[in-house]
Amino acid sequence: MRKRLISIIVPCFNEESALPEYFKAMQKMFLNLEEKRENFTHEYIFIDDGSKDSTLNEMESLAVQEPDQVHFISFSRNFGKEAAFLAGLRAAKGDYIAVMDVDLQDPPEMIPEMLKGIVDEGYDMVGSKRVDRSGEPLVRSFFAKFFYKFVNRISDTKIVEGVRDYRLMTRQVVDAILSMPETNRFSKGIFSWVGFKTKYLPYKNVVREEGKSRFTFWKLLNYSLDGIIDFSELPLTLASFVGIISCFLAIIAMIFVIVRRLIFGDPVSGWASLVTIILFIGGIQLFCIGIVGKYIGRIYLETKHRPIYVIKKKK
């Protein structure tokens, strides 16, 4: 009987110190798993996202060590985690496909439980969900919670609070994800949008053991804005309503100025309030144009049909 293959997709950016420990922990986990479930085997697909250190050398060393299990894709430059996910999903040959980080904040020991959820319980996708944010800066935690509440209010695509990209999926789920051709990708939203029967496994936050996170607060903020724009049209509706309200206020202000001129007859008085109104309306207009501009920018990027990533080397 053919052994079913589990593909593990691992994006890496400057992770030379984390890779050996990650591989060691994963091999230990798979050794125990394949002793209990003999009809399973596995492969790794490491994605070098334009690293500046010796990450690629580490991948090549692992590929020499385990040539049948280890594969890698090296980008010509840094294209981002979403591009790395997509490259891995396209290269994966497994019956079941997992995506996870290399920093061991995604516990390897959860994979057997995820596999149980799919094989024994009939789920199509089993993800992970943090139940706390210990070790994370308070500001980041606050804005993360705010993002989940906000995006779930304005979008039809619901994203579970605390959900991670770390998950195991069936081939059918991955094929559905790959059928979505958009350039601007927000994986958490895509995983939710495709649907399928999904289960989330709760776990406590794990502090990164090697290296440091490449996601700064501003990168995470920009990533959150991408998610809002990709899965909701409410900002455009909001811009329209703000425009209507500002127009209404401008009409009231204009009536007030005319009436005051007729009653008091002072052409100089009130210039400060008039300038304030003009600045207020101008600010609202720029705000609305900015929202519309974000959507137009997305359309522009999509219509250029540029590749999402460029591969320099692969095995």
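No value in this document is a laboratory result; all are computed from the given coordinates. Just so you know, these numbers come straight off a predicted model, no measurement behind them. We place every Cβ from the backbone using ideal geometry, glycine too, and count neighbours over all the protein chains shown.
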- Message: Given points 7 Å out from each Cα along the Cα-Cβ axis, report the GLU302 to VAL64 separation in nanometres with one decimal.
- Response: 4.6 nm
- region 1-61: which GluC sites (Glu not before Pro) are DSSP loop and have at most 14 other beta-carbon atoms within 10 angstrom? GLU38
- Query: Which stretch or stretches of region 1-36 have amide N atoms under 17 Å from the point lying 7 Å from LYS116's Cα along the Cα→Cβ direction?
  - Reply: 29-36
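Pop the C-beta distance of ARG77 and VAL259 into the FRET formula with R0 = 45 Å and round what comes out to the nearest 0.05.
Rounded to the nearest 0.05, the efficiency is 0.10.
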- For the pair LEU31 and SER17, the simple spin-label estimate (label points 7 Å beyond Cα toward Cβ) gives in nm 2.6 nm
- Cut-off under 5 Å, modelled amide H: who pairs with SER74 long-range: ASP48, LYS312, LYS313, LYS314
- Output ordering of 88-100, 113-125 (per-residue mean of other Cβ within 10 Å, highest first) is 88-100, 113-125
- Query: With labels modelled as points extended 7 Å from the Cα through the Cβ direction, what inter-label distance (nm, one decimal) is found for LYS315 paired with GLU109?
  - Reply: 3.1 nm
- Under 5 Å, built H, 5+ apart or other chain: amide partners of PHE79: none
